[in-house]
Structure formats: C-alpha cells, structure tokens
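Read the figures in this text as sums done on the coordinates, not as results from a lab. Nothing here was measured: the structure is a model prediction, and the numbers come from that model. In this analysis, Cβ positions are derived from the backbone assuming ideal geometry, glycine residues included, and neighbour counts consider all displayed protein chains.
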C-alpha cells in the first residue's frame with residue numbers, strides 16, 4: 001500500500017509537470033520579455049506553501065543574474081510594500097488566486113504602477129483579472145490523499161519558475177563565470193574565480209636554494225620552511241630547477257653519498273611550471289596529470305614568483 005501510494009504521488013506530480021509544457025505560449029514569452037526589460041527588480045510574493053516556492057524562485061533569479069526580492073504577501077500590506085517601485089515586475093503566486101492577502105495587495109501594486117505577472121491555477125480568479133500576464137499552473141489532481149495539501153500544484157509552480165529562470169539565463173547571456181561571481185563561497189565559485197596567485201607561497205613561505213648547496217642543507221631548508229620541495233637558483237638568481245621529495249627518494253636508492261652532493265646534480269631540471277594568473281583548478285589538473293605535488297610559479301620570462309603545493313589547493317577546498 002505504501003509503495004503504491006508513493007508511486008501514485010510521483011506519477012501525479014510528473015503528469016502535472018508534463019502538462020506545463022503544453023502551456024508554454026505567448027504569455028510565457030511576454031513574461032520573460034517583461035523580466036528582461038525590467039528597470040528595477042523582480043519582486044516575488046505569495047502565501048503559504050506557494051509562498052515558500054516563491055522564495056525559492058526569487059533566490060534562483062537573484063543567483064542567475066536577475067535582481068530579485070521575496071516579499072511575503074501578508075507583510076507587504078503592513079509596510080513591506082515600500083520595497084516595491086514602479087520600475088519593478090511583481091510575480092504574484094497563488095493557486096486559487098483568491099486569498100484575502102493577495103486580493104488586498106493587488107490594487108496597491110496596480111496603484112504603484114508595477115507590472116504584474118500571475119502564476120496561478122485559476123485563470124478566472126481575481127489575481128488573473130488584475131494581472132498583465134498570466135501563467136497557468138493548474139493541475140488535474142493534487143498528490144495529497146485528502147486532496148487538501150498542495151503537492152502537484154506547488155511542484156508545477158516551482159517548475160514554471162525554473163523555466164522562467166532558465167530562459168532569462170539564455171536571454172542575458174549569463175555564463176558560469178557570472179554564476180561564480182554570485183557564489184564566491186561555493187565550490188563552483190572557488191573553481192572559477194580562484195587563481196594561482198591567490199594561494200601560492202611567496203617569499204619565506206617556500207625555500208629557495210643555490211644550485212651549489214649540498215643536499216643535506218637543502219633538506220634542512222625544506223624542513224624549516226615546512227614545504228615539500230625547494231626551488232633551485234643559479235649564482236645569478238635564475239630559476240634552474242626544483243628538488244622534491246621524489247628526487248630524494250629516487251636518488252637514495254642508488255647513491256650512498258647523496259647527502260653530500262650538490263643539489264644541482266640531483267634536482268629536476270626544466271620542471272613543469274605555471275603562471276600566477278592561471279586558475280587554481282588548472283594547476284590542480286596539471287598536478288594530477290603529471291602525478292606531482294609542487295608547481296613553481298614563474299612569469300613570462302621564467303623568473304620565479306612563488307610555489308604552489310598540493311596542500312595549498314587542499315586548504316583552498318579544491319581537492
């Protein structure tokens with residue numbers, strides 16, 4: 001019984017979403033046009049369960065390049081209406097289109113002069129009559145066994161809001177980089193915004209040694225700097241190589257006198273490098289492809305600028 005009811009609810013809601021596709025018409029295009037041309041913000045308002053959906057729609061719009069604000073319908077008539085201006089587009093969400101709070105709000109929004117887009121399940125409602133554009137999200141049946149709690153109708157409303165947001169993304173030519181700008185604290189933001197220079201080690205944060213230095217002294221420098229490698233410079237200060245833990249292990253197997261050798265004899269010459277303006281995620285890909293843990297950072301002339309360690313990427317949340 002339980003599984004049967006669960007499947008029934010899913011099928012009801014899936015059908016409600018499928019039916020929406022047949023209603024994507026000129027009114028939908030007009031709604032998108034109005035939102036693109038909006039000089040102010042897109043205000044989303046509603047009550048109850050549909051209001052919760054409206055809050056999500058406003059959040060999605062804001063994060064994808066359409067300035068949007070959620071205003072609770074009941075609070076709007078108690079002062080929050082001051083947030084609405086003539087240049088705004090107001091999306092009013094109500095399944096019945098007849099709730100008291102919505103009916104009190106509509107003439108006030110009209111007086112302000114904002115354009116009203118209705119998302120409703122009742123095309124003959126007071127809301128529909130007051131609105132400039134009406135989007136139909138009516139459903140044949142709710143998923144609730146009692147026929148009381150909104151289920152299919154709120155799902156349809158959510159999907160309609162997502163359809164609007166998706167079209168606005170295309171119309172505004174909104175890119176991943178733009179999305180990352182609005183989500184700098186998220187994983188995507190870090191991947192698309194964080195650059196090598198933001199997290200690379202500088203100055204005394206990593207060891208720089210002369211090519212004539214003995215390996216044992218280089219190891220002490222690496223330990224002191226709490227790093228996994230040392231960048232090697234010649235007598236003129238030119239970057240000529242890197243000495244890593246991997247180099248140490250490889251040579252220890254065959255050279256009993258390794259610690260007394262000059263580092264230039266055992267270092268990795270012409271190592272893989274990266275420029276500071278590259279994305280940190282590009283550095284991560286290089287480290288993974290090359291199976292290495294450190295990347296010297298150099299400028300266009302090959303001058304050493306810093307060092308990027310896999311641990312730096314780990315701390316930045318990219319690994």
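Here are some notes:
- Restricting segment 281-297 to residues that are touching a strand residue (DSSP E or B) at 6+ places or on another chain (Cβ under 6 Å) and more than 15 Å from residue 209 (Cβ to Cβ) leaves a set whose member that is surrounded by the most Cβ atoms within 10 Å (Cβ to Cβ) is 295.
- Search result, residues across segment 262-280 that are under 28 Å from the mean Cα position of the chain (by Cα) and surrounded by 16 or more Cβ atoms within 10 Å (Cβ to Cβ): 274, 276, 278, 279, 280
- Flag for residue 286 being closer than 16 Å to residue 229 by Cβ, part of a loop (DSSP other than H, G, I, E, B) and in contact (Cβ under 8 Å) with a residue 12 or more places away in the chain: no
- For segment 83-92, the condition holds for no residue, the condition being that it is farther than 24 Å from residue 10 by Cβ, free of Cβ contacts under 8 Å to residues at least 12 places away in the same chain and not in a loop (DSSP other than H, G, I, E, B).
- Restricting segment 120-143 to residues that are outside any loop (DSSP other than H, G, I, E, B) and touching a residue at least 60 places away in the same chain (Cβ under 8 Å), the residue that is nearest to residue 86 (Cα to Cα) is 133.
- Selection within segment 299-312 - within 11 Å of residue 242 (Cβ to Cβ) and either buried (at least 21 other Cβ atoms within 10 Å of the Cβ) or without any contact (Cβ under 8 Å) to a residue 60 or more places away in the chain (or both): 307
- Residues located in segment 1-22, provided they are in contact (Cβ under 8 Å) with a residue 60 or more places away in the chain and over 32 Å from the mean Cα position of the chain (by Cα): 5, 8
For (1) part of a helix (DSSP H, G or I); (2) touching a strand residue (DSSP E or B) at 6+ places or on another chain (Cβ under 8 Å), each residue gets a yes or a no:
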site	(1), (2)
105	yes, yes
116	no, yes
145	no, no
155	yes, no
